[in-house]
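As structure tokens, the structure follows; a few thoughts come after it.
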Amino acid sequence: MKYNHIETKVLHAGIEPDPSTGAIMTPIFQTSTYVQAAPGDHKGYEYARTQNPTRNALQQNLAALEQMKYGLCFSTGMGAVDACIKLLSPGDEVIATNDLYGGSYRIFTTVFAKMGIKFHFVDMSNPDNVSAAINSQTKMVWVETPTNPLLKIIDIESVAKIGHQAGAIVVVDNTFSSPYLQNPFKQGADIVMHSATKYINGHSDVVMGVLCVNDDDLHQRLAFLQNTCGATPGPMDCFLVLRGIKTLHIRMERHCQNGKKVAEYLAQHPKVGEVYWPGFENHPNHEVAKKQMRDFGGMISFTLKNDAIEPALTFLKSTKLFSLAESLGGVESLVGHPATMTHASIPKEQRIANGLKDSLIRLSVGIEHIDDLIADLDAALATA
Ligand SMILES: *Cc1c(COP(=O)(O)O)cnc(C)c1O
């Protein structure tokens with residue numbers, strides 16, 4: 001039976017009742033190896049780093065969600081990033097989004113730079129900056145949209161076109177959107193990457209990474225790296241992510257509804273400076289967001305009119321429902337302070353030049369009742 005709606009795919013794609021028992025839920029195949037009838041005579045499974053039925057079901061499900069042929073799971077999002085860059089060789093160059101996840105920036109600049117891969121960080125919300133950085137050594141373009149924490153939107157279609165003209169592989173880190181909000185393959189991405197730790201699992205109880213690909217050759221090269229380098233997830237984690245995915249669409253709907261109301265509330269508050277949320281008509285990339293995203297998500301950043309560290313810290317100590325923590329995309333609301341948390345390693349002048357003010361606060365709006373969330377923000381803003 002054919003079905004194209006993500007609401008159905010999350011429950012059914014790649015998932016069959018267990019043939020030996022009829023169990024409707026994919027079993028947790030907690031095994032390291034598989035018995036062979038004779039050497040080489042096996043059922044498609046030899047060793048659990050290479051193949052695991054629970055992981056296979058998850059990989060097929062994720063591929064369907066991204067409308068691509070193949071999914072590959074990794075023990076963490078960073079394991080997935082690592083495998084992508086290992087497609088490259090010394091002398092190759094990568095053009096990456098400048099407003100990037102800190103862990104990706106760190107692996108690029110500390111681990112792979114010393115192995116002879118060169119990285120250029122550009123503001124991709126203007127695709128001309130990508131064209132300007134292209135040269136004959138460009139082998140990969142690394143896009144993250146919406147960006148973190150300023151929630152700029154990058155036009156995937158334009159950037160992918162520029163990358164492909166140069167013969168580069170185009171990767172999109174789709175963590176902030178989840179497959180519910182956008183499918184970058186439809187705009188030309190070759191590899192779609194996720195930290196499944198965030199919206200895909202959605203319950204703040206697993207770390208995992210994902211790569212989805214459509215090209216057979218690229219899939220083979222990445223599957224080789226997955227097995228050879230070995231950052232594969234265990235079956236229990238795969239089971240938990242499969243379970244989390246079953247409600248992805250319902251969670252995302254509520255994240256988006258609550259996100260919109262929180263953004264609108266903040267925009268009218270006298271103590272709030274700027275609100276960064278791509279759903280506002282006056283957001284500089286609103287039209288691109290409307291074109292490539294289904295809705296605008298639950299991530300919001302904002303500044304205080306009194307742009308100093310102290311009022312922001314007072315606010316962060318005062319929220320009760322919004323928990324102060326790194327990460328995002330779980331059912332519960334989180335709040336973070338880029339200047340002292342995720343982006344603290346960037347020198348202050350550089351940070352301010354990148355537009356990350358001292359009072360910038362990032363919210364991952366959860367699925368609680370909207371009135372309770374706004375009451376929490378309102379009380380905390382009163383103290384700031
Ligand atoms: C969290 C995150 C990662 C890294 O994933 P882990 O699962 O923490 O290893 C990569 N990209 C983005 C955008 C993230 O938010």
Normalised by the residues of the chain, what does the relative contact order come to in percent, with Cα pairs under 8 Å and at least six apart?
16 percent
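Determine the gain in length on full extension of the stretch GLN165-PHE280; use 0.36 nm per residue of separation and subtract their C-alpha separation, reporting nm with one decimal.
Numbers: separation 115, 0.36 × 115 = 41.40 nm, distance 3.27 nm.
Here the segment from GLN165 to PHE280 would lengthen by 38.1 nm.
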List HIS249, HIS164, HIS194 from most exposed to least, where exposure is judged by having the fewest other Cβ atoms within 10 Å.
HIS164, HIS249, HIS194
Measuring from label point to label point, each 7 Å out along Cα→Cβ, what is the GLN268 to GLU16 span in nm?
5.5 nm
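With 10 angstrom as the radius, rank GLU144, GLU66, GLU349, GLU264 by how many other C-beta atoms surround their C-beta, starting from the fewest. Present the calculation step by step, with values, prior to reporting the outcome.
Values: GLU144 23, GLU66 27, GLU349 8, GLU264 14.
Ranking GLU144, GLU66, GLU349, GLU264 by Cβ neighbours within 10 Å, fewest first, gives GLU349, GLU264, GLU144, GLU66.
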Kirkwood Rh over Cα pairs of the stretch 319-384 into Stokes-Einstein at 25 °C, 0.890 mPa s: D in µm²/s?
192 µm²/s
Springs between alpha-carbon pairs under 10 angstrom, Gaussian network model over the chain: which of ASN306, ASN285, ASN52 fluctuates most?
ASN306
Difference of contour (0.36 nm per residue) and Cα-Cα distance, ASN135 to ALA308:
58.2 nm
The helix 53-65 Cα axis meets the longest alpha-carbon principal axis of the chain at an angle in degrees, between 0 and 90 and rounded to 10, of 50 degrees
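I'd like the FRET efficiency for SER89 and GLN257, computed as 1/(1 + (r/R0)^6) with the beta carbon distance as r and R0 of 30 Å, rounded to 0.05.
On the way: r = 46 Å, r/R0 = 1.54.
So, using R0 = 30 Å, E works out to roughly 0.05.
Counting other Cβ atoms within 10 Å of each Cβ, which trypsin sites (Lys or Arg not before Pro) in the stretch 312-384 have at most 10 and sit in a DSSP loop?
Details: sites: LYS317, LYS320, LYS348, ARG351, LYS357, ARG362; in loops: LYS320, LYS357.
Listed in order of number, the matching sites are LYS320.
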Who wins for biggest fluctuation among HIS120, HIS369, HIS286 in a Gaussian network model of the chain, springs between alpha carbons below 10 Å?
HIS369
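Before anything else, pin down the relative contact order of the stretch 290-384: Cα pairs under 8 Å, at least 6 apart, normalised by residue count, whole percent.
Numbers: 140 pairs, mean separation 37.6, N = 95.
Relative contact order for the stretch 290-384 comes out at 40 percent.
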For the stretch 1-97, the dipole about the Cα centre with charges only on Cβ (Lys and Arg +1, Asp and Glu -1), to the nearest 20 debye, works out at 160 debye
GNM on the chain, Cα springs under 10 Å; top mean-square fluctuation among ALA267, ALA339, ALA308 goes to ALA308
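Quick check: convex hull of the Cα atoms in the chain, volume per residue, rounded to a whole Å³? Mind showing how you got there, number by number?
Details: hull volume 55.2 nm³, N = 384.
In the chain, the Cα convex hull volume per residue is 144 Å³.
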If each residue of separation counts as 0.36 nm, what is the full-extension length gain between ARG294 and LYS317 once their alpha-carbon separation is subtracted?
4.9 nm
Taking a label point 7 Å from the Cα of ASN126 along Cα-to-Cβ, the residues of the stretch 143-168 whose backbone nitrogen sits under 15 Å from it are 153-155
Relative to the longest principal Cα axis of the chain, at what angle does helix 156-165 sit, 0 to 90 degrees, rounded to 10?
60 degrees
Per-residue counts of other Cβ atoms within 10 Å, averaged by peptide: what ranking do you get for 108-118, 133-143, highest first?
133-143, 108-118
Which angle from 0 to 90°, rounded to the nearest 10, does the C-alpha axis of helix 216-229 make with the longest principal axis of the chain?
90 degrees
Please arrange GLU332, GLU281 by how many other C-beta atoms lie within 10 Å of their C-beta, fewest to most.
GLU281, GLU332
Roughly how big is the chain's charge dipole about its Cα centre, with Cβ charges of +1 (Lys, Arg) and -1 (Asp, Glu), in debye to the nearest 20?
240 debye
In whole percent, what relative contact order does the stretch 69-180 give with Cα contacts below 8 Å and a gap of six or more residues?
25 percent
Translational diffusion coefficient (Stokes-Einstein; Kirkwood radius from C-alpha pairs) of the stretch 248-383 at 25 °C, 0.890 mPa s, in µm²/s
162 µm²/s
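Each value in this text was obtained by applying a stated rule to the coordinates, not by laboratory testing. This one's a predicted model, so the numbers in the text were calculated from it and none came from an experiment. Reconstructed Cβ throughout: ideal geometry from the backbone, glycine too, with neighbour counts over all protein chains shown.
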